[in-house]
Amino acid sequence: MTTAFVFPGQGSQSVGMGKDLAEKSLDRANAVLGFDLKKIVLAGPEEELKKTAIQQPAIFTVSAAMYDLLVTRYPLPVTCVAGHSLGEYSALYAAGVISFEDGVRTVNLRGQYMQEAVPAGQGAMAALLGGDRATIANICKEVGNVWPANFNSPGQVVISGTKAGVEAATEKLKAAGVKKIIPLAVSAPFHCPLMQPAADKLAAQLDKITFNDAKVPVYTNVTAKPVVSGAEIKQLLIKQVTGSVLWEDSVNQMVSDGVTAFVEVGPGKVLTGLIKKINAGVEVKSYDEFKG
């Protein structure tokens, strides 16, 4: 069996996640961040945990703790790693590219930069169910100020842009046969060119930390291809802020390269569900299912 570890991004959080397994890691995160992330993660309030700059280090920390426990208690020959958006940082920790401390600090700043890039209320995102990728991309280009942000699975694409751009695209997409359109409750329009100010600030932060070459290939969001070079990974993290998350492509590429099993390492089961939709022939387990 050839196994890939995959790590979830924003939206997978819940109050109490990591209880009895991530306390020590959360203490380490507190020391880096200078505020009580541990208290927010374990006790809430939920509205505080949902804030981008809190949510990102919270999910990173819990995912890293879960990874450390898995590889200690259930040794697996991990062939490669990948993460969805924010989850790419957890994947880089697992692959030995970045340290835990650098990861926590960076995703906290990444969240702040993304939040600040577009004034509140000016951006929007929407999930599209049942649409054709090419049609969606063409309509976004035709409308302007809206872009495909996530290619998650067959028939599931997320678009991102200005509020007006997303609304205009929504009308055209309905007419083009998209079955369902769900506005997302997000604080900013992620993974589109409007995030360029965040990408610029992140680039300066990434210059301050050490990037090692990966111990196992990392399938990156921007290319959906395996990368080992630490220097290349660093540049792709900057592009990831404004680029589309090619999750469906990444999973397909991993399977094409010989992966037969996936383990989702982190809170929730979002990626488990997506991978099953992308390829029903591979084995997929969430962290809870695996350790159980």
(request) Sort largest first and round to whole Å: the equivalent ellipsoid semi-axes of the stretch 61-199, each the square root of five times a Cα gyration tensor eigenvalue. (result) 33, 19, 11
(request) State which helices in the chain qualify, where a helix is a whole DSSP H run, it must extend 18 Å or more along its own axis by its Cα atoms, and its mean Kyte-Doolittle hydropathy must be at least 0.5. (result) 52-73
(message) If you restrict to DSSP beta bridges whose two residues both lie in the chain, what percentage is antiparallel, to the nearest 5?
(response) 55 percent
(message) Checking a compactness column here: for the chain, what do you get for Rg(Cα) / (2.2 N^0.38 Å), N being the number of residues?
(response) 0.95
(message) Just want the ordering: PHE35, PHE60, from fewest to most Cβ atoms lying within 10 Å of their own Cβ.
(response) PHE35, PHE60
(request) Rank PRO183, PRO267, PRO226 by mean-square fluctuation in a GNM of the chain with C-alpha springs under 10 angstrom and give only the top-ranked residue. (result) PRO183
(message) Quick check for you: which residues of the stretch 26-50 have the amide N under 17 Å from the point 7 Å beyond the Cα of ASP20 toward its beta carbon?
(response) 42-43
(message) Tell me the mean residue ellipticity at 222 nm calculated for the chain from its helices only (DSSP H runs of n ≥ 4, each -39500 (n - 2.57), averaged over every residue, nearest 500).
(response) -14500 deg cm²/dmol
(request) Would you compute, for the Cα atoms of the stretch 182-292, the largest minus smallest coordinate along each principal axis and list the three values in descending order, in whole Å? (result) 40, 38, 26
(message) Can you tell me which of GLU248, GLU88, GLU101 moves the most in a GNM of the chain? Springs connect C-alpha atoms under 10 Å apart.
(response) GLU101
(message) Where in the chain is the longest stretch that carries no trypsin sites (Lys or Arg not before Pro) classed as loop by DSSP and with at most 11 other Cβ atoms within 10 Å?
(response) 1-178
(request) Would you please classify the overall shape of the stretch 123-183 from the alpha carbon gyration tensor, given that a ≥ b ≥ c denote the square roots of the eigenvalues, rounded means a/c under 1.5, and beyond that prolate means a/b larger than b/c while oblate covers the rest? (result) rounded
(request) Using the structure shown, list the pairs from LYS201/LYS239; LYS19/LYS215; LYS179/LYS225; LYS38/LYS285; LYS208/LYS234; LYS19/LYS50 with a Cα-Cα distance above 21 Å, or answer none. (result) LYS19/LYS215; LYS179/LYS225; LYS38/LYS285
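Every read-out reported here was derived from the displayed coordinates using simple, explicitly stated rules and does not represent laboratory data. On a predicted model such as this, the values are computed, not experimentally measured, just so you know. Here the Cβ is made from the backbone with ideal geometry for all residues, glycine too, and neighbour counts use every protein chain on show.
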